[in-house]
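Data first, discussion second: the structure below is written as structure tokens.
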Amino acid sequence: MSVKAFTDYLLLEKNYSKHTVNAYQSDLETFNLFVNENHDNLSLEQVNYSLIRQWIVTLVDAGITNRTINRKISSLNAYYKFLQKSGQIENNPLRKHKALKIGKKVQLPFSKDELNTVLENAIVVTDFETARNKLIVELFYTTGIRRIELINIKLSDLDLKNKQFKVIGKRNKERYLPIIDSLSFAINEYLKYRSEINLTEHNKYLFLTKKGLKIYEMLVYRVINKYFSEASSKAKCSPHVLRHSFATHLLNEGADLNAVKELLGHTSLAATQIYTHNSIAELKKVHAKAHPRNR
């Protein structure tokens with residue numbers, strides 16, 4: 001069974017995004033190259049765990065991080081599970097493999113003051129681009145959506161009357177998110193300027209460039225980085241930090257963890273719990289300040 005059959009399976013049956021499938025394919029091609037360089041005429045189906053271990057050691061020696069190595073091995077594991085399921089191999093060589101340990105990396109969110117600085121002072125709406133940029137920041141912070149989800153929002157996904165909009169998340173899973181007043185204002189302001197630009201075949205998408213084309217990931221990153229680099233001293237100023245800020249600030253204000261999970265589009269609570277460390281830190285401050293035994 002070829003790698004092509006595996007990638008087709010991920011796209012058509014598992015509904016993985018093209019970007020994710022390309023990453024799987026790249027990992028498999030890299031491993032296949034290693035196999036060919038070290039063992040002539042050995043196919044991926046014939047590989048044993050010992051050879052995979054050799055590859056892991058090679059990656060470690062090359063300075064590849066444990067997190068990246070684990071992702072590459074995860075791609076291999078998915079491929080061998082597919083081969084096993086389709087009867088191409090009897091045993092998965094990675095069935096007893098344990099992932100490499102990685103340190104927990106705490107991602108600090110933007111503070112409320114930093115966000116207010118950007119939304120209230122840094123972005124002054126005077127034209128199409130500033131209206132669009134303010135809506136991008138407002139949308140990230142008030143809904144916590146992912147960058148690719150924001151890019152793919154269509155005009156038809158907006159339901160301004162009922163103050164909600166539809167998002168297509170990972171694996172084509174739909175969810176509806178609320179539109180609060182500040183977001184509603186930003187949407188209407190942007191739509192006024194949007195109606196004045198020359199439209200193209202990309203007109204169905206909410207977010208466009210000034211040439212009427214659908215926006216792209218790097219443009220969104222540049223928008224966020226531009227404004228927050230000036231308002232924040234954090235080394236990383238990306239759309240994901242805004243998603244992190246959304247979740248952390250909700251939890252700090254007492255939002256239910258399950259509700260935040262649904263808003264973020266997570267499939268399990270485990271994925272949402274990474275955002276609770278700041279909430280716990282906030283609770284410790286309140287506890288230390290209020291408890292009689294700490295006075």
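For segment 23-44, the set of residues classified as exposed (fewer than 12 other Cβ atoms within 10 Å of the Cβ) and either in contact with a helix residue (DSSP H, G or I) (Cβ under 6 Å, 6 or more places away or on another chain) or among the polar types (S, T, N, Q) (or both) consists of N41, S43, listed by residue number.
Being part of a loop (DSSP other than H, G, I, E, B) and exposed (fewer than 15 other Cβ atoms within 10 Å of the Cβ) is true for just one of N188, N198. Which residue is that?
The unique qualifying residue is N198.
The number of residues in segment 223-235 that are over 19 Å from the mean Cα position of the chain (by Cα) and part of a helix (DSSP H, G or I) comes to 5.
Every condition in (1) in the same structural domain as L139 (by TED's automatic domain parsing); (2) modelled with pLDDT under 90; (3) more than 29 Å from K210 (Cα to Cα) is met by N294 except one, and the failing one is (1). For segment 19-38, the set of residues classified as farther than 19 Å from I89 by Cα and over 31 Å from the mean Cα position of the chain (by Cα) consists of N36, E37, N38, listed by residue number. State whether the residues of segment 75-85 include one that is under 23 Å from Y16 (Cα atoms) and exposed (fewer than 13 other Cβ atoms within 10 Å of the Cβ). Checked against the condition, which is being under 23 Å from Y16 (Cα atoms) and exposed (fewer than 13 other Cβ atoms within 10 Å of the Cβ), segment 75-85 yields at least one hit. Across segment 235-253, a minimum of one residue is classified as out of contact with any strand residue (DSSP E or B) (no Cβ under 8 Å at 6 or more places or on another chain) and modelled with pLDDT under 80. Being part of a strand (DSSP E or B) and either of a type outside the set (D, E) or in contact with a Lys or Arg (Cβ under 9 Å, 6 or more places away or on another chain) (or both) is a condition met by at least one residue of segment 214-222.
The number of residues in segment 201-224 being under 18 Å from P109 (Cβ atoms) and surrounded by fewer than 16 Cβ atoms within 10 Å (Cβ to Cβ) comes to 1. Number of residues in segment 109-146 that are within 16 Å of the chain's Cα centre (by Cα) and surrounded by fewer than 19 Cβ atoms within 10 Å (Cβ to Cβ): the value is 1. Against the test of being touching a helix residue (DSSP H, G or I) at 6+ places or on another chain (Cβ under 9 Å), over 30 Å from L251 (Cβ atoms) and touching a residue at least 24 places away in the same chain (Cβ under 8 Å), the options I73, I102 yield a single qualifying residue, I73.
The values are calculated or read from the model by the stated rules, or taken from the named source; none is laboratory data. What you see is a predicted model, and the numbers here were worked out from it, not measured in a lab. Cβ coordinates were reconstructed from backbone atoms using ideal geometry, including for glycine residues, and neighbour counts include every protein chain displayed.
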